[in-house]
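Q: Let me begin by handing over the structure; questions about it come next.
The values are calculated or read from the model by the stated rules, or taken from the named source; none is laboratory data. Please read these numbers as outputs of a predicted model, since none were measured by experiment. Here Cβ is always computed from backbone atoms with ideal geometry, including for glycine, and neighbour counts include all displayed protein chains.
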Amino acid sequence: MASMRDIKRRKGSIQSTQQITKAMKLVSTVKLQRSKQHALNSKAYFSYMYNTVHEMLAKAGTINHPYVTGNDSAKKAVIVISGNRGLAGGYNSNVVKLITRGELKKEELVMYTVGKKGREAFNRYGYELAEDYSEMIEAPDYVDAMRLCATILNRYRAGEIGEIYLAYTAFKNTVSHVPTLMKLLPVDHDSEAVVDAEDKVPMNFEPAEEEALELIIPKYVASIIYGAMIESVASENGARMQAMDSATSNAEEMIDKLTLQYNRARQGSITQELTEIIAGAQAIS
């Protein structure tokens with residue numbers, strides 16, 4: 001059985017840890033309120049952007065453009081949005097598992113990481129790493145999303161990349177965060193699924209199709225990336241808040257158990273001392 005000194009030292013250590021987890025929970029709660037409202041306010045715009053582009057292309061019929069038809073490259077670019085810090089439960093590992101345990105083949109992938117934890121994981125698994133944009137996730141900005149979008153689209157137009165995917169954690173509510181893998185390019189559109197036959201009307205582009213897509217698709221990709229970063233930040237803060245709340249509760253349970261052990265050890269020590277005193281008194285008498 002552990003001594004009273006060991007139990008007391010262990011209890012003190014857990015109490016110190018509990019103070020840290022409480023503080024981290026409070027910080028995450030404050031950050032969550034800001035990022036949650038931002039994510040909810042922005043979600044409608046990005047959802048409409050996604051649906052509008054897909055419906056537009058479905059109604060337009062066959063368009064001969066690389067953004068729609070793709071190219072011959074076998075390489076696939078994956079933008080992975082994770083966090084720069086840990087202690088957020090399964091937030092970082094879940095989005096990494098989308099790729100490592102998914103259907104995409106490792107040898108075909110080129111990783112563009114937004115978040116240090118994702119980059120560290122894919123480096124450990126031996127994936128091909130392209131550029132790192134971890135600083136973006138600290139304070140997501142549309143300009144940053146445009147910069148990342150421009151870099152990848154340049155490689156796509158040059159035929160170096162054949163497909164572009166986005167892996168992030170969608171924010172549903174405070175306790176529900178869903179790892180999501182989305183294909184950005186080439187834009188998939190099933191006219192029968194998106195648009196009913198009676199609603200399908202000829203669509204004319206002004207300016208020409210190619211010029212219109214060159215204007216629309218980069219904004220579409222940048223907007224989806226930016227929306228994913230906003231939702232990921234909210235999801236990370238929610239996951240960290242839950243993780244720190246669980247850690248605080250577990251610490252409280254451990255402190256209660258150690259307190260009980262300490263009291264029992266103390267009672268045992270007192271009983272032993274009394275027994276020794278009584279035995280000594282009886283021996284003298």
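Q: Restricting to the range 92-112, count the residues that are touching a strand residue (DSSP E or B) at 6+ places or on another chain (Cβ under 8 Å) and part of a helix (DSSP H, G or I).
A: So the first thing to find is which residues in the range 92-112 are touching a strand residue (DSSP E or B) at 6+ places or on another chain (Cβ under 8 Å), and the list is 94-99, 102, 104, 108-112.
Filter once more, so that each one left must be part of a helix (DSSP H, G or I): 94-99, 108.
Total satisfying the criteria: 7.
Q: Among the residues that make up the range 106-123, is at least one of them among the polar types (S, T, N, Q) and closer than 29 Å to residue 24 by Cβ?
A: Narrowing the range 106-123 to residues among the polar types (S, T, N, Q): 113, 123.
Remaining after also requiring closer than 29 Å to residue 24 by Cβ: 113, 123.
There is at least one residue in the range 106-123 that is among the polar types (S, T, N, Q) and closer than 29 Å to residue 24 by Cβ.
Q: Please specify each residue of the range 15-60 satisfying the condition of being aliphatic (A, V, I, L, M), farther than 21 Å from residue 145 by Cα and crowded, with 16+ Cβ neighbours inside 10 Å. Write out each step before concluding.
A: Initial filter on the range 15-60 (aliphatic (A, V, I, L, M)): 20, 23-24, 26-27, 30, 32, 39-40, 44, 49, 53, 56-58, 60.
Pick out the ones that are also farther than 21 Å from residue 145 by Cα and you get 20, 23-24, 26-27, 30, 32, 56-58, 60.
Selection gives 24, 32, 56, 57, 58, 60.
Q: Only residues in the range 92-105 that are more than 10 Å from residue 179 (Cα to Cα) and touching a residue at least 12 places away in the same chain (Cβ under 8 Å) count as the first member; pair them with residues that are among the hydroxyl-bearing types (Ser, Thr, Tyr) and buried (at least 16 other Cβ atoms within 10 Å of the Cβ), Cβ under 8 angstrom, at least 6 apart or cross-chain, and list the lot.
A: Once the first residue is more than 10 Å from residue 179 (Cα to Cα) and touching a residue at least 12 places away in the same chain (Cβ under 8 Å) and sits in the range 92-105, its partners that are among the hydroxyl-bearing types (Ser, Thr, Tyr) and buried (at least 16 other Cβ atoms within 10 Å of the Cβ) give 99/127; 104/165.
Q: Here's something else I'd like to know. Looking only at the range 37-92, filter to residues that are over 21 Å from residue 226 (Cα atoms) and among the hydroxyl-bearing types (Ser, Thr, Tyr); which one of those is farthest from the chain's Cα centre (by Cα)?
A: 62
Q: Looking at residue 41, is it of a type outside the set (Asp, Glu), farther than 19 Å from residue 213 by Cβ and without any contact (Cβ under 8 Å) to a residue 12 or more places away in the chain?
A: It is true that residue 41 is of a type outside the set (Asp, Glu), farther than 19 Å from residue 213 by Cβ and without any contact (Cβ under 8 Å) to a residue 12 or more places away in the chain.
Q: To continue, here is another question. Could we say that residue 228 is at pLDDT below 80, small (Gly, Ala, Ser) and assigned to a helix (DSSP H, G or I) here?
A: No: the conditions fail for residue 228.
Q: Run down 121, 170 and say which single residue is outside any helix (DSSP H, G or I) and of a type outside the set (D, E, K, R).
A: Numbers: 121 fails: outside any helix (DSSP H, G or I).
After ruling out the rest, the residue left standing is 170.
Q: Between a first residue in the range 56-74 that is in contact (Cβ under 8 Å) with a residue 12 or more places away in the chain and a second residue that is assigned to a helix (DSSP H, G or I), which pairs have beta carbons less than 6 Å apart while being 6 or more apart in sequence or on different chains?
A: 58/191; 58/194; 63/209; 65/210; 65/213; 67/213; 67/217; 74/108
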